[in-house]
1. Relative to the longest principal axis of the C-alpha atoms of the chain, give the angle of the C-alpha long axis of helix 125-138, reported between 0 and 90° and rounded to the nearest 10°.
2. ³J(HN,Hα) across region 21-28 via Karplus (A = 6.51, B = -1.76, C = 1.60, θ = phi - 60°), whole Hz, x for Gly/Pro?
3. What is the sum of charges, Lys and Arg at +1 and Asp and Glu at -1, for the other residues whose Cβ falls under 13 Å from the Cβ of Tyr153?
4. Relative to the longest principal axis of the C-alpha atoms of the chain, give the angle of the C-alpha long axis of helix 153-166, reported between 0 and 90° and rounded to the nearest 10°.
5. Kindly express, to the nearest 10 degrees and within the range 0 to 90, the angle between helix 183-198's C-alpha long axis and the longest C-alpha principal axis of the chain.
6. Once both labels are modelled 7 Å past Cα along the beta-carbon direction, what's the Ala78-Thr66 spacing in nm?
7. Gap in Å between the Cα centre of region 25-60 and the Cα centre of region 183-250?
8. If r is the Cβ-Cβ distance from Asp141 to Leu93 and R0 is 25 Å, what FRET efficiency results, to the nearest 0.05?
Amino acid sequence: MSVQQDVRPSLQTEGLSKAFGGVQAVNGATVTFHEGKVNALIGPNGSGKSTFFNIVTGMIAPDSGTVRFRGQDITRRAPHRICAAGIGRSFQLCRTFPRMTVLENLLVAVRPSGLGQLVGSSRNRRQVERARELLRRVGIDHLEGSLAQDISYGQQKLLELAGVLMGEPDTILLDEPAGGVNPALIGRIGTLVKELNAEGRTFIIVEHNMDMVMSLSDHIVVFDRGAPIAEGTPSEVQQDPRVLEAYLGV
Ligand SMILES: Nc1ncnc2c1ncn2[C@@H]1O[C@H](COP(=O)(O)OP(=O)(O)OP(=O)(O)O)[C@@H](O)[C@H]1O
Ligand SMILES: [Mg+2]
């Protein structure tokens, strides 16, 4: 049986485009990511990867094209509705609240107001428990009382990942999870991705660290100038001359 028969579509786009002034950031991108897999979206700087994430998560509207999630059209839906559909995401430049503690950062991830009340009330004790469990899971539970601004950048990335998990997404988009992170924490992030995927979560990861991409991914899509130029398994993509050309200009 061919591997392809096993593929179920997760996030799919068709003819997706977005220009900023004269810059065609995403250019008619037709892409399918696979449900239950670790997918990667790679490509040179400025090839439109973050813009693609911003469109599919509803942060910016496309000029044209469609986005479907498990077959359902989610084009131009508001971010909170896309989140409610089961898609969680992290940002290329980490988004944490620097003057809140690590634990508080997770609690605002689920409820944006009334923090003092939230921590104290028994109604929300479950959320606090869940936040602590996720901090243990990503390995920064010993930092729960520290201000986010006082922990390392890699630890902030782990905090952001825990924040994404607070929303219980079954599909997780990570924009450069290893960017600016030391090798030991990169290893931990990779292990977490593998574990969470084994539990059934789908990943779509934008990343420049090729060791991480090649060791983690089941399926890789390569972007150049706003559209896919190649896709396949890590070994297929590594041998593709179009990919070498896009990266090295050879
Ligand atoms: N808000 C914006 N306004 C104007 N131009 C933008 C905006 N966002 C992105 N661009 C431009 O669109 C193009 C694609 O940018 P994007 O950030 O999506 O690339 P990327 O693949 O994520 O790059 P990198 O790997 O460096 O993060 C770039 O030329 C960028 O300068
Ligand atoms: Mg980017």
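Only the coordinates and a few stated rules stand behind these numbers; no lab work does. Predicted model only: the values in this text are computed from it and were never measured. Note that we place each Cβ from the backbone using ideal geometry, even for glycine, and neighbour counts take in every protein chain shown.
1. 50
2. Those phi angles translate into x, x, 9, 7, 5, 10, 10, x Hz.
3. On the way: positive: Arg95, Lys157; negative: Asp150, Glu160, Glu176.
That sum, taken over residues with Cβ under 13 Å, equals -1.
4. With both axes taken from Cα atoms, the answer is about 90 degrees.
5. 80
6. About 2.4 nm separates the two model spin labels.
7. 12
8. Numbers: r = 25 Å, r/R0 = 0.98.
For R0 = 25 Å, the calculated efficiency reads 0.50.
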